[in-house]
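K.L.:
Right, I'll just put the structure down here and ask away after.
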Amino acid sequence: MADCRGGRQKARLNCIHHFLTQVPYDEIGREPVILPERVHNPDYIRHPVTEELFIPAVY
């Protein structure tokens, strides 16, 4: 089993990858999702994302 000491992002990702490779996995056939047309609201104002809700890109 992999050793996950160190606490760095790459070590965590390697551990997650290792654990997920231990689980047998088969593709499940699914029907494509059909989404309705997007509704545009011209009055919508998007507020800035607060610092505690921001998730930085991993890669």
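Only the coordinates and a few stated rules stand behind these numbers; no lab work does. Please read these numbers as outputs of a predicted model, since none were measured by experiment. For neighbour counting, all protein chains shown are included, and Cβ atoms are generated from backbone atoms with ideal geometry for every residue, glycine included.
K.L.:
Whole-Hz ³J(HN,Hα) for each residue in segment 24-33, computed from phi via Karplus 6.51 cos²θ - 1.76 cosθ + 1.60 with θ = phi - 60°, x for glycine and proline: what do you get?
P.N.:
x, 9, 10, 5, 10, x, 10, 6, x, 7
K.L.:
Can you give the FRET efficiency for Asn14 and His40, using 1/(1 + (r/R0)^6), R0 = 35 Å, r = Cβ-Cβ distance, to the nearest 0.05? It would help to have the intermediate numbers written out before the result.
P.N.:
Details: r = 43 Å, r/R0 = 1.23.
With a Förster radius of 35 Å, E is 0.25.
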